[in-house]
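> Quick one: the structure is below, questions incoming.
What follows is calculated from the coordinates using simple rules that are stated; it is not laboratory data. On a predicted model such as this, the values are computed, not experimentally measured, just so you know. With ideal geometry, Cβ positions are generated from the backbone for all residues, glycine too; neighbour counts draw on all protein chains shown.
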Amino acid sequence: PLRIAVLASGRGSNFAALLAARERGELAAEFVLVASDKPDAGALQLAQLAGVPHCVLEPKDYATRRDYDFAVFERIAASKPDLLVLAGYMRIIDGDALKPWVGRMINIHPSLLPKYRGLHTHRRAIKAGDDEHGASVHFVTAELDGGPVIAQTLLPIGAGDDEHALAERLLPLEHQLLPAVVAWIAADRLLLREEGVMLDGEVLRKPLRM
Ligand code: GAR
């Protein structure tokens, strides 16, 4: 099975969705580590309950962001994952630290990339008057939220939507999107090549929509 490490800062519902997919037999994977920058991250509690090795590394214990990021990746490397999933990881990662992981690291981001990289995506989509919103899973590169997009899930923005309503409706869609992408990787169907994202041997010309 695919060895998966997870980096998460918060609640951990996307990690929970991965665990659930595995439970249902939809994901041939072994979770080898959950690492977090926040001692109170929900993802750590979930890991504890599921018997997944987990650790906290706190930025305040390191002199620089770069030192921190290298320490995080050293810890992750020690668990020998095939894939690193950023599931609600809220830090910007040093480009040199992540370089060895390009092609082996994916992120879920709550917008229809390339729209709204960074924070407050729901609010920005509403403010822009968009009629649709969504989430994207992409391969991570040194460009923040800028790596090749694999797949997206879409939802219409309603007239009365505020950012909380939108986030709440998007989340269950994220919980389908992320495990689906991870399952393709686990099945050796999806990978990153110089030419782009390849699914079943074909270069994706645009993100998959689901
Ligand atoms: C999710 O909505 C995810 O898309 C977003 O944070 C939330 C984490 O929820 N990720 C980012 O904003 C990444 N910059 P979770 O902790 O319940 O999985």
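> Can you grab the distance from the C-alpha centre of the range 20-51 to the C-alpha centre of the range 112-142, Å, no decimals?
Between the Cα centre of the range 20-51 and that of the range 112-142, the gap is 25 Å.
> Okay, next question. Which shape class, rounded, prolate or oblate, goes with the chain when its Cα gyration tensor gives a ≥ b ≥ c as root eigenvalues, a/c under 1.5 marks rounded, and past that a/b bigger than b/c marks prolate? Walk me through the intermediate numbers first.
Working: a/c = 1.38, a/b = 1.23, b/c = 1.13.
Here the chain falls in the rounded category.
> Using the reciprocal of the averaged 1/r over all distinct C-alpha pairs, how large is the Kirkwood radius of the range 1-97 in Å? Could you put the intermediate results ahead of the total?
Values: mean 1/r = 0.0745 Å⁻¹.
Evaluated on the range 1-97, it is 13.4 Å.
> Which FRET efficiency, nearest 0.05, do Arg91 and Asp200 yield, Cβ-Cβ r, R0 41 Å? Intermediate results must be reported in sequence, preceding the final value.
Working: r = 33 Å, r/R0 = 0.81.
The calculated FRET efficiency here is 0.80.
> Loop only by DSSP, 12 or fewer other Cβ within 10 Å of the Cβ. Give me the GluC sites (Glu not before Pro) in the range 136-203 that pass, ordered by residue number.
Numbers: sites: Glu143, Glu163, Glu168, Glu174, Glu194, Glu195, Glu202; in loops: Glu143, Glu194, Glu195.
Listed in order of number, the matching sites are Glu143, Glu194, Glu195.
> Divide by every residue of the chain the summed helix terms, -39500 (n - 2.57) for each DSSP H run of at least 4, and state the resulting mean residue ellipticity at 222 nm, rounded to the nearest 500 deg cm²/dmol.
-10000 deg cm²/dmol
> Looking at the range 1-54, which GluC sites (Glu not before Pro) are in a loop (DSSP not H, G, I, E or B) and have at most 11 other Cβ atoms within 10 Å? Display every interim value, and only then the final one.
Details: sites: Glu23, Glu26, Glu30; in loops: Glu26.
Listed in order of number, the matching sites amount to none.
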